[in-house]
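Report on the structure given below.
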Amino acid sequence: MPREAEPSLNERQFVLQALTENLRLDGREFDKYRPLELTFGDEYGVADVTLGKTRVLAKTSAEVTVPYVDRPLDGIFTIATELSPMTSPAFELNRPTETEVLLSRLIEKTVRRSGAMDTESLCLVAGQKCWSVRVDVHVLSHDGNLTDAACFAVVAALRHFRKPDTSMEGGVLTVYTPAEREPVPLSWLHSPFCVTWSFYGEEGEIALLDASWSEEQIRVGSCTISLNRHGEICQIAKLGGTPVEAVALLQCTNVALTKVKEFSTFLDKKLAEDAKRRDKGGLMAELSAENDR
């Protein structure tokens, strides 16, 4: 299996020496993210997220299907990730690497298992028909911290998505096209985000937020904290590496909460801007005119 070129000994020593002097290669502070950009597509449910040089595209789709036998009152919600060779020489098609498996599991636990979306609202006919919502995550460029960028893209795509409206008359289910009825948003309960810390030093005493790829290659451990703006923790994933003191982990969690609130505010702003862009003299303008009269 192809492998990514590892940093040389001189590169490792240079980065570690800079960190001991409170310096990062890109000049950021230890608890700062790279510039975050979010662009929505022309279709509902398409989110393009750029975090520094890391770029992730998430696309949401929905179709009517049969619910699982053991959950007849719930819809189906799945997340699929794809890391292609275009992203990095270390990735191959149809051969999931450890990075891809961990990325998929972290996003799955953060978004799906935390109950961010009300899956019961996806049920159309109990035990017979339901919506199957799927989010495909495509990594277009990898320069570190895939988890945070991918999680943000998934949440943004789901909140931006609109599914066709439906009605039930006489036992017959009717799915309306966007021309017939305005599509409806998903039933969303809370917005969880991932915040990943990287640790350096012999005892992991140096903690960096949003590590770049060059910084990730020499870290001695990492920890991903998933939570929402209300401070509710969805998961804390410390997958091996050097042990970290409990006090340091609490400090990281407090900083993570601040970052999650910033993410949530940023996403709300982008969603409002997109809604305003799409509503050119439409329903909102009609309602405001009605109020003026």
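Every read-out reported here was derived from the displayed coordinates using simple, explicitly stated rules and does not represent laboratory data. Just so you know, these numbers come straight off a predicted model, no measurement behind them. Glycine also receives a Cβ, built like all others from the backbone with ideal geometry; neighbour counts cover every protein chain displayed.
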About the Cα centre, charge dipole magnitude for the range 16-287 (Lys/Arg +1, Asp/Glu -1 at Cβ), debye: 360 debye
Top positive-direction residue, dipole computed over the range 147-293 with Cβ charges, set CYS223, VAL184, ASN254: VAL184
Reach of LYS269 by Cα under 24 Å, taken over lysines that are not fewer than 8 positions away in the same chain: LYS32, LYS53, LYS59, LYS163, LYS259, LYS261, LYS280
GNM top mover of PHE152, PHE14, PHE263 - the chain, alpha-carbon springs below 10 Å: PHE14
Other-chain or far-sequence residues with amide H under 5 Å of THR54's (modelled H): ASP143
Order by protection proxy (mean Cβ within 10 Å, highest first), peptides 223-232, 246-255, 54-63, 191-200: 191-200, 54-63, 223-232, 246-255
Hydrodynamic radius by Kirkwood, which averages 1/r over all alpha carbon pairs of the chain, in angstrom: 20.9 Å
For SER191, residues with placed amide H under 5 Å, excluding near neighbours: ARG229
Phi to ³J(HN,Hα) by Karplus 6.51 cos²θ - 1.76 cosθ + 1.60 over the range 36-50, Hz, x for Gly, Pro: 9, 10, 9, 10, 9, x, 5, 8, 5, x, 10, 10, 10, 10, 10
Relative contact order (%) - criterion: Cα under 8 Å, at least six apart; region: the chain: 18 percent
Cut-off 19 Å, label 7 Å out along Cα→Cβ of ILE236, residues of the range 251-267 by amide N: 251-261
Inter-label distance, nm, simple model (7 Å from Cα along the C-beta direction), GLU43/VAL247: 5.3 nm
Computed label-point distance, nm, for sites GLU202 and ALA272 using a 7 Å Cα→Cβ extension: 5.2 nm
Qualifying chymotrypsin sites (Phe, Trp or Tyr not before Pro) in the range 48-121, DSSP loop, other Cβ atoms within 10 Å at most 14: TYR68
